Amino acid sequence: MVIGVIPARLQSTRFPNKILTPINEKPMVMHVYDRAREAEKLDDVIIAIDSTETEEALKQYKPNIKMTHPDHLSGTDRVAEAVKDMDIDVILNIQGDEPMLDPSIIDQLVCCFDDEIVEMATIGSRVIGNSDYFNPNSVKMMINENGFATSFSREIKDYQIGAYYHHVGIYGYRKDTLLHFTMLDQSTNEKNLNLEQLRALDNGIPIKVAMTDYPHRGIDTKEDLKQIELNK
């Protein structure tokens, strides 16, 4: 069984209440949920919430929700709590600020686990431009010749342009890997860059990358939201 979980923390640092911000009169996180449910390779989708305010705001849409502890250090920790007692094989961590999510990349990510050696996987996009290179909210990644991630960065040097791909922040894990990940201490790199995937690399967990031409970006600021709305 393959489950998609959307960690929905209400009080995000850069954009409080972001997940409930309306887009076409529907909360952002519900756009993500509805798109994720269109994926052919997910057996179910759960929104892992952390507040009664979120629960009340989503009630009319009747999504599959699960209340989780409000003090998790990362979205992955929240996902792990939501699925720890479930009998599942693969879990996808789907970000709640990707309202333009393409269900096909979810299916592509799930297919990574057809290879038994893959423990953890994510999505990389070939669509990257100057605005990404110099925007710390746009995470850049490098991969090796075998299609595994070697680094993730927020800021890069000019001479490194061309070596990077845009990181689409969706992750897949085998259940044992996910639970192991959440037992590990946050690494120094993770804390310094606020990138939880570095906890995996710093602890020897390889991350397979499924490459796409996905053009969209997550909503990190209110300005990003305005741009998305202008493009509708």
Q: Quick one: dipole size for the chain, taken about the Cα centre, charges +1 on Lys/Arg Cβ and -1 on Asp/Glu Cβ, in debye to the nearest 20.
A: 580
**Q.** Residues of the stretch 27-54 with amide N under 15 Å of a point placed 7 Å along Cα→Cβ from Q60
**A.** 27-31, 54
Q: Report the paramagnetic label zone for T21: residues of the stretch 109-148 whose backbone N is under 18 Å from a point 7 Å from Cα along the Cα-to-Cβ axis.
A: 132, 135-139
Q | Calculated FRET efficiency for the pair E223/D71, C-beta based, R₀ 41 Å, to 0.05 | A | 0.90
(Q) If a paramagnetic tag sat 7 Å from the Cα of K191 along the Cα-Cβ line, which residues of the stretch 1-29 would have the backbone N under 20 Å from that point? (A) 13
Q) Per-residue HN-Hα couplings for the stretch 85-98, Karplus 6.51 cos²θ - 1.76 cosθ + 1.60 at θ = phi - 60°, whole Hz, x for Gly and Pro? A) 9, 9, 8, 9, 9, 10, 10, 9, 9, 10, 5, x, 10, 10
Q. Over the stretch 2-231, what is the relative contact order in whole percent, taking alpha-carbon pairs under 8 Å and six or more residues apart?
A. 22
Q: Starting at the first residue of the stretch 116-121, write each ³J(HN,Hα) from the Karplus equation 6.51 cos²θ - 1.76 cosθ + 1.60 with θ = phi - 60°, in whole Hz, x for Gly and Pro.
A: 5, 7, 6, 9, 8, 8
Q) R0 = 30 Å: FRET efficiency of N203 with Q160, Cβ-based, nearest 0.05? A) 0.75
Q: Could you check which residue among I49, I91, I205 shows the biggest mean-square fluctuation in a GNM of the chain with a 10 Å Cα cutoff?
A: I205
Q: With runs of 4+ DSSP H residues as the only contributors, calculate the mean residue ellipticity of the chain at 222 nm using -39,500 (n - 2.57) per run, divided by the residue total and rounded to the nearest 500.
A: -8000 deg cm²/dmol
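Where a number appears in this text, it was derived from the coordinates with a stated rule and is not lab data. Since the structure is predicted, the reported quantities are computational estimates derived from the model, not experimental observations. With ideal geometry, Cβ positions are generated from the backbone for all residues, glycine too; neighbour counts draw on all protein chains shown.
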